[in-house]
Structure formats: C-alpha cells, structure tokens
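The values are calculated or read from the model by the stated rules, or taken from the named source; none is laboratory data. Given the structure is predicted, the values throughout are model-derived calculations rather than measurements. Backbone-built Cβ (ideal geometry, glycine too); neighbour counts: all protein chains shown. Surface accessibility is based on the protein's heavy atoms, side chains included, excluding ligands, DNA and RNA. Shrake-Rupley method; radii C 1.70, N 1.55, O 1.52, S 1.80 Å.
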Amino acid sequence: MTETSASSTHSATLDDGAMRTHPSTRAHPAAGADTSTRGDQATNVDPVKLADPATLLFSDLDVELATTRRMLERVPNGKDDWRPHKRSRTLDELAAHVAQLPGFGIMMLTRDEYDGGTAPPEPKAADCAARVKIFDEVSGEFRRLVKAMTWDQALSPWTLKFRGQEVFSAPRAQLLRSAMLTHLAHHRAQLGVYLRLLDIPVPGSYGPTADEGPPPR
C-alpha cells in the first residue's frame with residue numbers, strides 16, 4: 001500500500017457512540033436454539049468445514065465495496081465545508097471517513113488489538129478523485145486480506161481499546177461485520193442524504209433510487 005493507505009488504517013475507530021457499546025460484541029445462542037447433538041444427522045455438520053470464511057461470512061463484500069465506490073464518485077468538489085446541521089460532519093469529513101473505513105478493516109486483519117486513543121489525524125484528500133483513489137487502495141487491500149483469512153484468524157478475538165481501557169473484544173469475523181461493513185453502510189447512507197440535500201443524483205444501494213428509477217423490464 002501507499003503511505004496514504006497506511007495512514008488510513010487508523011481511520012474511524014471510536015467516532016460512533018454505537019461502536020463504543022455495540023451489542024454485537026457479545027455472542028449469544030438464539031432464543032430456543034437446540035444445542036444438543038443428534039447423532040450423525042446433517043444438523044451436526046460443522047459449517048466451518050464447508051467453506052472458507054470469505055465465502056461463508058462475507059459473500060456480500062464485493063457488492064458492498066462497489067456500492068460505496070459509486071456513492072463516493074458522486075461527491076461534488078467545492079462543497080467540502082457544507083453540512084446539513086451544525087452537529088453534523090462536513091461533506092469532506094464524512095466522505096473522507098467513508099473512503100478510509102476499509103483501512104480500519106485492514107488493521108483488524110493485521111493486528112489483534114488497537115488503541116483508538118493513539119490514532120493520528122486522517123489525511124485530507126484534495127478532491128473527489130483523490131478520495132476515490134484512497135478508497136480503491138484500502139478497499140483493494142482489505143478485500144485481499146478477507147479472501148486470505150483462515151478460520152483460526154476469523155474466530156480469534158480482536159480487541160479495541162481507548163487510552164488503555166478495553167472498549168470491546170469479540171471474534172474477529174464478528175467485528176469485521178459490525179464495526180467495518182455495517183459501519184460502512186451506515187455512513188454511506190448518511191452520505192446519500194447529503195447528496196440528496198445538495199441535489200446530486202443518488203446512486204442505488206439496495207435498490208434503485210428516485211434518480212435512477214426502476215430497473216428495465
């Protein structure tokens with residue numbers, strides 16, 4: 001990765017209150033789940049033996065990253081300081097955060113813990129093209145690491161701290177889903193609202209938008 005990409009791995013660790021107390025950091029069996037053994041029935045087949053983690057747990061990764069890139073491509077230049085509310089991030093801050101978020105996933109796949117209180121400032125991109133370039137770099141490396149992830153790595157614990165205090169710790173694959181992919185979709189949706197308020201056509205995420213219309217029959 002480039003120097004910019006390396007810096008981006010520090011992006012977006014404790015920016016959201018939801019991440020500080022995320023309920024998914026504790027895994028529980030579903031209510032009423034039958035955890036008993038049943039001889040040699042198919043219910044006892046270990047899913048870990050059926051596929052690699054990327055195939056079984058992150059089959060939507062490529063679609064999510066492609067959707068995020070389309071959203072970033074629409075961010076207009078010359079509006080960096082615009083924000084919909086005084087408590088909101090500026091357009092530049094939000095777009096930069098979305099562009100750099102896969103870097104957080106890289107860190108989760110290359111370290112066993114991270115202290116968010118030591119993060120340096122995020123690098124500032126000059127324009128939309130620069131943000132998309134950062135996203136391409138970090139998302140490409142994140143995708144490569146996910147595809148190479150083993151089950152031992154997926155199930156091993158990953159810990160987030162803030163100034164030495166543990167915030168949460170859970171299986172790495174579980175946190176990659178909640179703190180990276182779901183986190184990315186959350187901020188991508190915010191970015192879509194910014195585009196709508198700026199009268200910029202919004203690309204579809206999980207279906208067409210009012211700008212794109214229904215798919216052709």
What tally of residues in region 208-217 results from selecting those that are at pLDDT 90 or above and more than 13 Å from Gly192 (Cα to Cα)? 0
Which of the numbered conditions does Asp80 fail, given that it passes all the others? Conditions: (1) within 18 Å of the chain's Cα centre (by Cα); (2) closer than 18 Å to His187 by Cβ. (1)
Give me a count of the residues in region 153-172 that are small (Gly, Ala, Ser), over 13 Å from Thr110 (Cα atoms) and touching a Leu at 6+ places or on another chain (Cβ under 8 Å). 1
Could you check Phe162 against (1) at pLDDT below 95; (2) touching a helix residue (DSSP H, G or I) at 6+ places or on another chain (Cβ under 9 Å); (3) exposed (fewer than 15 other Cβ atoms within 10 Å of the Cβ); (4) over 24 Å from Lys79 (Cα atoms) and say which number it fails? (3)
Take the conditions more than 16 Å from the chain's Cα centre (by Cα) and closer than 24 Å to Asp92 by Cβ and apply them to Ala125. Does it pass? yes
Can you confirm whether Ala154 is part of a strand (DSSP E or B), farther than 17 Å from Ala96 by Cα and open to solvent by less than 20 Å² (accessible area, probe 1.4 Å)? no
Are there any pairs, at least 6 apart or on different chains, whose C-beta atoms fall under 6 Å, with the first in region 195-216 and of a type in the set (Ser, Thr, Tyr) and the second open to solvent by less than 70 Å² (accessible area, probe 1.4 Å), and if so, which? Ser205/Thr67; Thr209/Val202
When you scan region 83-98, do you find a residue that is in a helix (DSSP H, G or I) and open to solvent by 60 Å² or more (accessible area, probe 1.4 Å), even just one? yes
Among what's in region 124-141 and is part of a loop (DSSP other than H, G, I, E, B) and open to solvent by 50 Å² or more (accessible area, probe 1.4 Å), pick the residue that is nearest to Gly105 (Cα to Cα). Lys124
Name every residue in region 197-217 that is open to solvent by 90 Å² or more (accessible area, probe 1.4 Å) and within 16 Å of Thr68 (Cα to Cα), in order of residue number. Tyr206
Enumeration of residues in region 161-203 that are among the small types (Gly, Ala, Ser) and over 18 Å from the mean Cα position of the chain (by Cα): Gly164
Report the residue count in region 117-144 for those that are farther than 16 Å from Glu64 by Cα and at pLDDT 95 or above. 7
